[in-house]
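Worksheet for the structure shown next.
Derivation of every value follows stated rules applied to the coordinates shown; laboratory data play no part. Nothing here was measured: the structure is a model prediction, and the numbers come from that model. Counting neighbours? That spans all protein chains shown, and the Cβs are built from the backbone with ideal geometry, glycine included.
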C-alpha cells in the first residue's frame with residue numbers, strides 16, 4: 001500500500017533533521033526523545049534492495065496497531081497483534097502513556113479517518129530522533145511553513161502538514177509521539193530487541209532468498225517501474241498489506257511483514273511482490289472505475305484486490321513455483337479457506353471486473369516486455 005495523501009516536497013530525512021534547529025518565533029530548541037534508535041544505515045550502492053529492519057518504523061506502526069480498528073479487507077496488521085501485545089504487557093505489569101491515552105487517541109480516528117495515512121510518516125526518516133525533532137518543529141510552528149526560518153524547515157513543516165492539517169490533528173500528533181516515547185522506554189524497545197535476536201535467522205534467510213533468487217527475477221519489473229533501487233524493511237506489526245514510499249527511482253522503501261519462523265520466510269517475498277505492483281494496480285483501477293464507484297468506496301476495494309491479483313501475476317511470470325504459496329498466504333490473510341481448488345478460491349475472493357483485470361495484465365505485459 002502506498003500513501004493516499006499528496007505530500008509536499010518530500011525531502012530526505014537528513015534535510016529534515018538539519019532543519020530542526022529552531023523555528024522563527026518559537027520557544028527554544030528541538031527535543032530529542034529517548035525512544036527507539038536507528039537500526040540500519042542508508043543502503044550501499046553496491047547492494048540492490050537490501051533487507052533491513054528499523055526500530056522507529058516498527059514503534060510507529062505498533063502505536064497505530066494498538067489504537068485503530070483494522071477493518072480493511074487485507075489487514076494492515078497481523079491478526080490479534082494488539083491482543084498479543086496487551087497480554088505481554090500485562091505479564092510484565094507494564095502500563096505506559098500509550099495505554100493511558102488510548103481512548104483519547106482512538107477518538108480522533110473517528111473524527112478524522114484520514115489519520116491512518118500517517119502510518120507512512122516514519123518511512124521518510126532514518127531515526128526516531130530525526131522524526132521527533134521534525135514533529136517538535138512542526139508543532140511549535142503550528143503547522144505553518146511561513147513560521148520557518150529556512151526552506152528546509154518549511155519543507156519539513158509542509159510535509160507533516162499534509163498528514164496533520166488541523167490544530168486538533170497536531171495535538172493528536174504531539175500526544176501520540178509523547179505516548180510512543182513512554183511506550184518504547186517501558187516496553188517496546190526491549191520487546192523489539194528480543195524479537196530481532198530471536199528472528200535473526202529468519203532475516204538472514206529472507207535476505208538469501210531475496211538476493212539470490214527472487215530479486216534478480218523481479219529486477220526487470222522493478223527497473224521498468226521506477227523502482228530500481230531502495231530498501232526492504234521487515235516489520236513486526238505488519239501483515240499482508242505492506243507500506244511503501246517512493247521518492248525517486250533510486251530511493252524507495254517497501255515495508256513488509258517480518259515472518260516468525262524460517263519456514264515462513266517466503267511470506268516476506270509475497271508481500272514484496274504485492275507492494276511492487278501496487279502502483280500499476282492503482283492505475284488499472286483508477287482508469288476503469290466510475291466516479292460513483294469511487295465515491296461509494298468500491299474503488300478502494302478494487303484497489304486492494306488488484307494489488308493482490310497483480311502480485312500473483314508478477315509471481316506467476318517470474319517465480320511460478322511459489323504462486324500456490326502466495327495465493328494461500330493472501331487467502332489466510334483475509335481469513336478465507338483455500339479449499340480444494342486454491343486458484344478458484346483466490347480468484348473468487350479477490351474479485352475484479354474484466355476491464356480492470358485486463359488492464360492489469362496489459363500493464364504487466366508492457367513492463368515485463370514479453371517475459
Next on the checklist: Can you compute the helix-only [θ] at 222 nm over the chain? Use -39500 (n - 2.57) per DSSP H run of at least 4 residues, normalise by all residues, nearest 500 deg cm²/dmol.
Outcome noted: -16000 deg cm²/dmol
Checklist entry - GNM, the chain, Cα, under 10 Å: largest mean-square fluctuation among 309, 108, 91? => result 91
Item to check | Cα-based shape type of the range 205-368, given that a ≥ b ≥ c are square roots of the gyration tensor eigenvalues and the cut on a/c is 1.5 | outcome: oblate
Next on the checklist: For a quick check, take a GNM of the chain with Cα springs below 10 Å and name the residue from 133, 165, 68 with the largest mean-square fluctuation.
Outcome noted: 165
Next on the checklist: When a/c reaches 1.5 or more, the comparison of a/b and b/c decides; with that in mind, is the range 80-157 rounded, prolate or oblate per its Cα gyration tensor?
Outcome noted: prolate
Checklist entry - Ranked from highest to lowest mean number of other Cβ atoms within 10 Å per residue, what is the order of the peptides 279-290, 192-203? => result 279-290, 192-203
Item to check | Degrees, to the nearest 10: 167-183 long Cα axis against longest axis of the chain | outcome: 90 degrees
Item to check | Residues listed by number, the range 100-136, amide nitrogen under 14 Å from residue 166 label point at 7 Å toward C-beta | outcome: 107-116
Item to check | Segment residue 69-residue 324, extension gain: residue separation times 0.36 nm, minus the distance between their alpha carbons | outcome: 88.8 nm
Next on the checklist: Compute the helix-to-body angle for 354-368: its Cα long axis versus the longest principal axis of the chain, expressed 0 to 90° and rounded to tens.
Outcome noted: 80 degrees
Checklist outcome for this item: So for the range 49-113, using the alpha carbon gyration tensor with a ≥ b ≥ c as root eigenvalues (a/c under 1.5 gives rounded; past that, a/b versus b/c decides prolate or oblate), I'd call it oblate
Item to check | Using a Förster distance of 30 Å, the FRET efficiency for residue 92-residue 114 (Cβ separation, nearest 0.05) | outcome: 0.30
Next on the checklist: Compute the distance from the alpha-carbon center of the range 325-371 to that of the range 63-88, in whole Å.
Outcome noted: 25 Å
Item to check | Rounded to 5, percent antiparallel among DSSP beta bridges of the range 205-368 | outcome: 45 percent
Next on the checklist: Just want to confirm a number: the relative contact order over the range 205-368, from Cα pairs under 8 angstrom separated by 6+ residues, in percent.
Outcome noted: 21 percent
Next on the checklist: Taking the 0 to 90 degree range and rounding to the nearest ten, how far is the long axis of helix 200-209 tilted relative to the main principal axis of the chain, both from C-alpha atoms?
Outcome noted: 50 degrees
Next on the checklist: To check you understand DSSP bridge types, tell me what percent of the beta bridges within the chain (both residues inside) are antiparallel, rounded to 5.
Outcome noted: 40 percent
Checklist outcome for this item: For the pair residue 104 and residue 201, the simple spin-label estimate (label points 7 Å beyond Cα toward Cβ) gives in nm 4.5 nm
Checklist outcome for this item: Distance in Å, no decimals, from the C-alpha centre of the range 303-317 to the one of the range 101-136 is 29 Å
